[in-house]
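Colleague: Attaching a single structure in structure tokens format; questions to follow.
Just so you know, all these numbers are worked out from the coordinates, no wet-lab data involved. Only a predicted model underlies this, so the values are computations on that prediction, with no experimental measurement involved. Backbone-built Cβ (ideal geometry, glycine too); neighbour counts: all protein chains shown.
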Amino acid sequence: MKVLGIMGSPRIKGNTDLLLEEALKGAKNQQAEIEKIVVDKLKITPCREYYGCLKDGNCVIRDDMDDIYPKLLEANGIIVASPMFFYGLSAQLKALIDRCQALWARRYVLKNLPDSARKGAFIAVGATRGKQLFDGSILIVKYFFKAFDVEYVDELLIRGVDKRGEIKEHPEALSAAFELGKRLVQKIS
Ligand SMILES: Cc1cc2nc3c(=O)[nH]c(=O)nc-3n(C[C@H](O)[C@H](O)[C@H](O)COP(=O)(O)O)c2cc1C
């Protein structure tokens with residue numbers, strides 16, 4: 001059982017990072033093999049709409065996405081984590097998601113992506129308390145997962161946390177992240 005954490009914040013040891021770390025500890029607690037990728041450290045060109053992927057399911061751009069596609073397809077569970085930037089996901093994470101049009105092409109155009117029983121969860125953190133703060137990002141993550149047949153099964157949405165590491169002042173949020181990681185593995189098993 002593999003759980004992949006996708007860390008969408010450029011701020012290392014920031015709120016997203018710490019929440020995701022806890023979630024992955026929760027998954028490990030349930031005997032999952034865990035891996036975290038820090039999107040900001042990767043070279044991911046935004047989608048250029050060359051549409052090579054419609055021919056064979058592969059993106060024509062050569063960069064760090066080459067290593068990410070297999071990880072996305074091999075993981076039994078995926079946790080996407082992002083800070084809210086202008087009521088959306090970080091640009092780094094959105095670039096990774098857009099490049100998964102190649103997986104969408106495999107599933108919906110070429111119809112050669114095998115069915116899976118994979119599941120995913122979303123962790124998001126923002127500074128404000130806006131009612132609709134997470135709405136757009138939840139939709140994006142749901143359709144990101146759907147592109148390669150991962151079911152959106154859980155979420156943890158934290159409002160009112162801003163400064164680097166401020167999440168440590170909210171131990172209940174960190175334990176909720178740990179529980180989310182545990183639950184994800186239980187839901188897949
Ligand atoms: C470019 C930028 C845009 C932001 N936009 C929002 C926003 O629309 N709504 C919000 O609640 N917080 C917003 N924030 C605040 C971050 O979401 C908040 O500081 C969060 O805790 C950062 O998480 P991190 O430490 O994981 O990067 C923004 C921060 C930055 C840098």
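Colleague: With viscosity set to 1.002 mPa s at 20 °C, what whole-number translational diffusion coefficient in µm²/s follows for region 61-150 from Stokes-Einstein and a Kirkwood radius over Cα pairs?
Modeller: Details: Rh = 13.9 Å.
So the translational diffusion coefficient is about 154 µm²/s.
Colleague: Separate question: Along each principal axis of its Cα atoms, how long is region 97-189 end to end? Whole angstroms, biggest number first, please.
Modeller: The principal-axis extents, from largest down, are 47, 29, 21 Å.
Colleague: Here's another thing I want to ask about it. Might you report the magnitude of the Cβ-based charge dipole of the chain about its Cα centre, with Lys and Arg at +1 and Asp and Glu at -1, to the nearest 20 debye? Present the calculation step by step, with values, prior to reporting the outcome.
Modeller: Numbers: 30 positive and 25 negative charges, 27 e Å.
It comes to approximately 120 debye.
Colleague: Now for a separate question. Sort ARG159, ARG99 by Cβ crowding within 10 Å, fewest neighbours at the top.
Modeller: Fewest-to-most Cβ neighbours within 10 Å comes out as ARG159, ARG99.
Colleague: For LYS168 and THR45 in the same chain, what is the full-extension length gain: residue separation times 0.36 nm, less their Cα-Cα distance, in nm? Walk me through the intermediate numbers first.
Modeller: Details: separation 123, 0.36 × 123 = 44.28 nm, distance 3.30 nm.
Difference between extended and current length: 41.0 nm.
Colleague: How many nm separate the modelled label positions at GLN31 and GLN186, each set 7 Å beyond the Cα in the direction of the Cβ?
Modeller: 1.6 nm
Colleague: For PHE85, PHE134, what's the fewest-to-most ordering of other Cβ within 10 Å of each Cβ? Intermediate values should be presented prior to the final figure.
Modeller: Details: PHE85 17, PHE134 22.
In increasing order of surrounding Cβ atoms, one gets PHE85, PHE134.
Colleague: What whole number of Å gives the distance from the Cα centroid of region 126-144 to the Cα centroid of region 7-39?
Modeller: After rounding, the separation between the Cα centres reads 19 Å.
Colleague: Gaussian network model of the chain, Cα springs within a sub-10 Å range: biggest mean-square fluctuation belongs to which of GLU155, GLU33, GLU169?
Modeller: Its mean-square fluctuation being the largest, the pick is GLU169.
Colleague: Please tell me the relative contact order of region 122-186 in percent, rounded to the nearest whole number, where contacts are Cα pairs under 8 Å and at least six residues apart.
Modeller: Across region 122-186, relative contact order equals 40 percent.
Colleague: Just need the Rg to Rh number for the chain, please, alpha carbons only, Kirkwood Rh. Show your work: numbers first, answer last.
Modeller: On the way: Rg = 15.9 Å, Rh = 16.5 Å.
With Rg and the Kirkwood Rh in hand, the quotient comes to 0.96.
Colleague: Going 7 Å from the Cα of VAL109 along its beta-carbon direction, which residues of region 40-64 have the amide nitrogen within less than 18 Å of the resulting point?
Modeller: Only 46-62 fall inside the zone, counting backbone N under 18 Å.
Colleague: Shifting gears a bit: Taking neighbour Cβ counts within 10 Å as the exposure measure, how do CYS47, CYS53 sort from fewest upward? Walk me through the intermediate numbers first.
Modeller: Values: CYS47 19, CYS53 22.
Fewest-to-most ranking of CYS47, CYS53: CYS47, CYS53.
Colleague: Further question on the same structure: If r is the Cβ-Cβ distance from GLU151 to ARG11 and R0 is 35 Å, what FRET efficiency results, to the nearest 0.05? Please report the intermediate quantities before stating the final value.
Modeller: Details: r = 29 Å, r/R0 = 0.83.
That gives a FRET efficiency of 0.75.
Colleague: With the cut-off at 1.5 for a/c, could you classify region 1-112 from its C-alpha gyration tensor as rounded, prolate or oblate?
Modeller: Values: a/c = 2.38, a/b = 1.43, b/c = 1.67.
Here region 1-112 falls in the oblate category.
Colleague: Per DSSP H run of at least 4 residues, take -39500 (n - 2.57); add these up for the chain, divide by its residues and hand me the 222 nm value, nearest 500 deg cm²/dmol.
Modeller: Numbers: 7 runs with 73 residues, N = 189.
Roughly -11500 deg cm²/dmol at 222 nm, from the helical runs in the chain.
Colleague: Would you kindly derive the ³J(HN,Hα) couplings of region 132-138 from the backbone phi angles with the Karplus curve 6.51 cos²θ - 1.76 cosθ + 1.60 (θ = phi - 60°), listing them in order in whole Hz, with x for Gly and Pro?
Modeller: Per-residue couplings from phi come out as 9, 3, 9, 4, x, 5, 4 Hz.
Colleague: While we're looking at this one, here's another question. For region 66-76, in order, what is each residue's ³J(HN,Hα) by Karplus, 6.51 cos²θ - 1.76 cosθ + 1.60 with θ = phi - 60°, in whole Hz (x at glycine and Pro)?
Modeller: Values, residue by residue: 3, 7, 7, 3, x, 5, 5, 7, 8, 6, 7 Hz.
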